[in-house]
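Participant: Pasting in a structure now, in structure tokens, and then I'll have a few things to ask.
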Amino acid sequence: MEGNYLQLSYALDTFYFLMSAVLVMWMAAGFAMLEAGLVRSKNTVEILTKNALLYSVACTAFLIVGYNVMYPGDPINGFIPNLSFLLGADNTVEAVLAGGDDAPYYSGMSDFIFQAVFAAATMSIVSGAIAERMKLWPFLVFAVVMTAFIYPVEGYWKWGGGWLDQLGFQDFAGSVVVHMAGASAALAAVIMVGARKGKYGPNGKINPIPGANLPMATLGMFILWMGWFGFNGGSELMVSNVDEANAVAAIFVNTNAAAAAGMISAALLSKFMFGKTDLTMVLNGALAGLVSITAEPLAPTPGLAMIIGAVGGLIVVLSVVLMDKMKLDDPVGAISVHGTAGIWGIFAVLFSNSDATFMGQLIGTVATFAWMFIMSIIVLFIIKKTMGLRPTEEEEMEGMDIQECGMEAYPEFDQK
Amino acid sequence: MEGNYLQLSYALDTFYFLMSAVLVMWMAAGFAMLEAGLVRSKNTVEILTKNALLYSVACTAFLIVGYNVMYPGDPINGFIPNLSFLLGADNTVEAVLAGGDDAPYYSGMSDFIFQAVFAAATMSIVSGAIAERMKLWPFLVFAVVMTAFIYPVEGYWKWGGGWLDQLGFQDFAGSVVVHMAGASAALAAVIMVGARKGKYGPNGKINPIPGANLPMATLGMFILWMGWFGFNGGSELMVSNVDEANAVAAIFVNTNAAAAAGMISAALLSKFMFGKTDLTMVLNGALAGLVSITAEPLAPTPGLAMIIGAVGGLIVVLSVVLMDKMKLDDPVGAISVHGTAGIWGIFAVLFSNSDATFMGQLIGTVATFAWMFIMSIIVLFIIKKTMGLRPTEEEEMEGMDIQECGMEAYPEFDQK
Amino acid sequence: MEGNYLQLSYALDTFYFLMSAVLVMWMAAGFAMLEAGLVRSKNTVEILTKNALLYSVACTAFLIVGYNVMYPGDPINGFIPNLSFLLGADNTVEAVLAGGDDAPYYSGMSDFIFQAVFAAATMSIVSGAIAERMKLWPFLVFAVVMTAFIYPVEGYWKWGGGWLDQLGFQDFAGSVVVHMAGASAALAAVIMVGARKGKYGPNGKINPIPGANLPMATLGMFILWMGWFGFNGGSELMVSNVDEANAVAAIFVNTNAAAAAGMISAALLSKFMFGKTDLTMVLNGALAGLVSITAEPLAPTPGLAMIIGAVGGLIVVLSVVLMDKMKLDDPVGAISVHGTAGIWGIFAVLFSNSDATFMGQLIGTVATFAWMFIMSIIVLFIIKKTMGLRPTEEEEMEGMDIQECGMEAYPEFDQK
């Protein structure tokens, strides 16, 4: 009977992991729709192609090497993980039935798929920021290196048990490990490729470049919100007893509350600042609320989760405006949503998790940023010198779609 | 061992609740896409903004006060619930392990999130009916009052154990408590804001105003159908033994059968009445089938579920036509889908659930309608006198998008 | 306690089935979006209507008769199943608690809904191939016969325990039983209706007809990929112990790996062959990878799954080109994705499943193709002689939308 119970518990935790993975995988569609809606129609096919292929590249690179880098059986030290390939065998029944604290309680394969879709999410953040002016295949080469090595090393530092974990850095589901990390790479890429032609005029003039399909973008936001229940909820890693089930449920409530509050606060601030309720700010407000709560979705009360999310929503509006003032061209606001709000989220952990320290959070954030940013700059520099990063001015004017993919997103509709 | 079993059972029921909640949350995207596809392009951003923000407003208002109103620990009487704020602590392990009929068997937080997304769904019904001519922020103020008080009080009457529940009113997952309730508020709003300019010409002429993006609307229907498995399936509230698992499975089968039959019957009637197979009728037929079976998705055989859904599909086509004859302008057919079909659904309970009585169903329906309609009229009247409900004629001509949100949904496409 | 355990295990397996069914149901939306994005705007409403109604028709026909044909309690022989109507009662608690190998371990209703959505998927394959030139109601009549009889008989041969199963034909989740079967019917339909006007010019000229909405098509691919976790993962039919949970997790990993590899290989081949990274090839590459692994998603290592998927991705690009050379007009590439890749998938089983034999796989493939193709030709011939299959040339020029549905998909956008 004890064996029956252990087997059934293992099955439930594995199934919960797999359902969480499906939800996070679905976020790939969310990023694709969000970005496809927020770029111009002439660059839509290309951004769709990037989003589709980056998901595939990330899953493949993470399968071949990234997962083992991030979770090395035998790490070299707290900074350097190790290198091995593909996946080992899954847990045996005997190991599970042994019971005790060390016994596996869910399938290793389910852990892999859950982690793999996180790697893809990290890379999706980059694609939005460099939209409309970075060539497809150089981007994909960057995606390979990012998801095979750069992200997994940083992930190892915290979630693989490396030095940041030993230091006490607290990041439950990845406000920094995933979101700010992706935003750091995105910032490096934005600096390396430069702004879109015509975005910044003379005398500090900023030309808005509206997205071509706002319903698509809104769909993307809803998909991401839905997927986030898997992202944060699955990060509890267990559901099979009363305390764990309560924890997963609390994470769902807090994740939802923070997103809702982030959307509302961004809407209000947008209405106050611009006189209009800017839909892109509304969407990014929700996403910023989600990023903000991701570092600690369990410990806060729902009331505190609302406050954390609401502040995230305010921050993202200001950050988007500031980024433009700094001439950092981010067509979808990815750096603000995942980076600025991610930093807020990691320090907001201090309000509810007594294990977190200001210094621990600061070191984790700075180290993650430095690693992601510098490694990205190096890799992008090499790609720039070999493959080139950016299409010619004529190609950019014509649009990436014809150039890279030989087709149009909406070939039948007359364009202004 | 008994403790292990109770804990695992609690975990499974909680997880089932959470997955159901994710599916119902996803319906918010369904409503958004359906409505965004069925309005004109000049009002698309605004309806997207409404749908996104109403979900956030509903979740927030329900968290702060609505949930406690609907499920008061200590109600004043069967009509008046009580008032308290935020959420209490979740169940302790001790309470669960006590076992017995009174012991909690799933997380209270999972119940909250499941109920919160129901409140949002109720409000989504309103946004469709008043599309294209109600100002954004007045709508959101209405959403606050609706989801914090009006809907929860009515919900308390039935699901919180109030007077309608004591009376024997039977409404399993909310044909009336959610759908007709939302439609009643929508009807009030339609009467208060009036028809869109140009919809009804002189001499009883009805001008069709086609939606701008039918693929979006179709996507919305599929999302709603998918989400309905959580809506009805989760309303069983338990899955953890043979009888309950069979019940949830039967609900899935019946929900799907009713939707399918509703779609087919609406398609046939549309082809018969108009000579064409009107896609909007096809979509609304499926939704009407879903609404019809929602009052009792468990007791019918699948054959009966098909019939209930098929009648719902016929009713919605006739209701849409009739509503236009009555000059009640409902751009997406929300009142017909959720109201007319909801009334059919509540009386269809009499065919399979012997606990239901005609008088019980009638009183429940009339009382719910009266409460929702009158309260909505009052609140909307106050908003009209203070903030105003409707844009000026010029603003309406130009479109809500520029006016309210300062942007266009499809800025690059030339419009006829 | 034993009883408690059996009940909880039954509940978990049932819930896993139901969640899998939701994911497969969602594939109906995926097919709808993929096809709506890949046809011209003048045929978009009609293809949406087909996809919506075929799902409803399939579920209804499968409920009334198809399920019993496919899984007859009392088959006549290995070729001919039997005929009965609607569904019987679900399992009793007593039967479950009896335990042992013959005891039911999940709800029969959950099995039905899972199988019903498979029938719908089979039919969805056909709708894409005959898009833009087959009349709506004749198509739906074909859908009735297909999902009530033709598909269930063939399904019985393998999954219902008929002669192909007895012969040792191995097809885990339906590379042939579902995908190639659907493609065989699609091929028959393409031959019967002929190519779209203007697709093939004189002197072997092939005129590309681009799809009107590539973001929609991309969304469709993501939905299908997501749904495939239910399609393949649910086909394990059990999750409730360590070995089964590991198996479902391995299926998730392999399914994802094959899809990713298929997308990447198709992208590379497309870039190599055409000089451009064709998004439609990228999408179809992922789907081909998914179809390829569907015949055996459990036995391969993830590395082998990648190879199987990658070959599928290459095959689909070549098959699409070849189909056009043969003047078989398939607007979305459905026959290549589900047929050609399905055949590859069924023989790829030989690499990892030692129970499979070359002759068994060959006979299963040939018999399934012959049955589906010949029966489809016969039924379509009868429909052609009675209702007609194709609109007039003028109607086809004007578009199916106005003709069949009386409305346009994007009525406000000016068209080139």
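Participant: Would you mind giving the average projected area, over all directions, of the Cα convex hull of segment C:2-405 in nm² with one decimal?
Facilitator: 19.2
Participant: Quick one: if you take sqrt(5λ) for each eigenvalue of the C-alpha gyration tensor of segment C:248-400, what semi-axes come out, biggest first, whole angstrom?
Facilitator: Three semi-axes, in Å: 31, 22, 12.
Participant: Beyond 23 Å between alpha-carbons counts as too far, so tell me which of B:Lys327/C:Lys135; B:Lys50/B:Lys271; A:Lys276/B:Lys42; A:Lys276/B:Lys384 fall in that bin.
Facilitator: Result: B:Lys327/C:Lys135; B:Lys50/B:Lys271 exceed 23 Å.
Participant: Any chance you could look up the accessible area of C:Ile402 with a 1.4 Å probe, heavy atoms only, rounded to 10 Å²?
Facilitator: Taking all protein chains as shown, C:Ile402 has close to 60 Å².
Participant: With a 1.4 Å probe and every protein chain kept in, tell me what percent of the accessible surface of chain A is carbon plus sulfur.
Facilitator: So the carbon and sulfur contribution to the accessible surface is 65 percent.
Participant: Could I ask something else about it? Using alpha carbons only, how many degrees (0 to 90, rounded to 10) separate the axis of helix C:214-234 from the longest principal axis of chain C?
Facilitator: Tilt relative to chain C: about 20 degrees.
Participant: Same structure again: Shielding of C:255-264 by partners, i.e. mean partner chain Cβ atoms within 10 Å per residue?
Facilitator: Mean inter-chain Cβ contacts per residue within 10 Å come to 6.
Participant: Cβ under 14 Å from A:Thr122's Cβ, A:Thr122 left aside: what net charge do those residues give with Lys, Arg +1 and Asp, Glu -1?
Facilitator: Combined, the nearby Lys, Arg, Asp and Glu give -1.
Participant: Place +1 on the Cβ of every Lys and Arg and -1 on the Cβ of every Asp and Glu in chain C, take the dipole about the Cα centre, and give the residue among C:Val22, C:Pro81, C:Leu304 whose Cα lies farthest towards its positive end.
Facilitator: Farthest towards the positive end: C:Leu304.
Participant: Assuming R0 = 45 Å, what is the FRET efficiency of C:Phe274 and C:Lys385, from their Cβ-Cβ distance, to the nearest 0.05?
Facilitator: 0.60
Participant: Moving to a separate point now. Peptide C:273-281: average number of partner chain Cβ atoms within 10 Å per residue?
Facilitator: Averaged over the peptide's residues, the number is 5.
Participant: Something else now. Just going by the charge dipole of the protein assembly as shown, with Lys and Arg at +1 and Asp and Glu at -1 on Cβ, which of B:Leu63, A:Leu136, B:Ala183 is farthest out on the positive end?
Facilitator: Highest projection toward the positive end goes to A:Leu136.
Participant: Still on this structure, please answer the following. Quantify how strongly other chains surround peptide C:26-34 by giving the mean number of their Cβ atoms within 10 Å of each of its Cβ atoms.
Facilitator: If you average over the peptide's residues, the count of other-chain Cβ atoms is 3.
Participant: Cα axis of helix C:279-294 to longest principal axis of chain C: angle in degrees, 0 to 90, nearest 10?
Facilitator: Its long axis makes an angle of about 30 degrees.
Participant: Can you check what the net charge comes to around B:Ser376, using other residues whose Cβ is under 14 Å from the Cβ of B:Ser376 (Lys, Arg +1; Asp, Glu -1)?
Facilitator: Neighbourhood net charge equals 0.
Participant: Mind pulling the angle between the C-alpha long axis of helix B:242-274 and the longest principal axis of chain B? Nearest 10 degrees, somewhere in 0 to 90.
Facilitator: Long axis of B:242-274 versus the principal axis of chain B: about 20 degrees.
Participant: Sticking with this structure for a sec: Put a point 7 Å out from Cα along the line to Cβ at B:Trp137; what are the distances to that point in the other copies, in nm, shortest first?
Facilitator: Ordered by distance, the counterparts are at 5.3, 5.3 nm.
Participant: Over what distance in Å are the Cα centres of segment A:304-348 and segment C:210-258 separated?
Facilitator: Rounded to whole Å, the Cα centres lie 34 Å apart.
Participant: Place the label 7 angstrom along Cα→C-beta at A:Ile382 and in each other copy, then list the distances from the first to the rest in nm, shortest first.
Facilitator: Label-point separations across copies, in nm and ascending: 6.6, 6.6.
Participant: OK, next. Which value, in Å² rounded to 10, gives the accessible area of A:Lys327 with a 1.4 Å probe and all protein chains present?
Facilitator: Accessible area, nearest 10 Å²: 100 Å².
Participant: Let me ask something else about it. Counting Lys +1, Arg +1, Asp -1, Glu -1, what net charge surrounds A:Gly285 among other residues with beta carbon under 13 Å of its beta carbon?
Facilitator: 0
Participant: Given an 8 Å cut-off on Cα distances and at least 6 residues of separation, report the relative contact order of chain A as a percent.
Facilitator: 25
Participant: Suppose you put the label 7 Å out from Cα in the Cβ direction; list, shortest first and in nm with one decimal, how far C:Ser84 is from each other copy's label.
Facilitator: Sorted ascending, the copy-to-copy spacings read 5.3, 5.3 nm.
Participant: For the protein assembly as shown, what is Rg from Cα atoms divided by 2.2 N^0.38 Å, rounded to two decimals?
Facilitator: 0.85
Participant: Return the calculated 222 nm mean residue ellipticity for chain C, to the nearest 500 deg cm²/dmol, obtained by summing -39500 (n - 2.57) across DSSP H runs with n ≥ 4 and dividing by the residue count.
Facilitator: -20500 deg cm²/dmol
The values are calculated or read from the model by the stated rules, or taken from the named source; none is laboratory data. Keep in mind the model is a prediction, meaning the values are calculated, not measured. Positions of Cβ are generated from backbone atoms using ideal geometry, with glycine treated the same way; all protein chains shown enter the neighbour counts. Note: areas computed on protein heavy atoms with side chains; ligands, DNA, RNA excluded. Shrake-Rupley method; radii C 1.70, N 1.55, O 1.52, S 1.80 Å.
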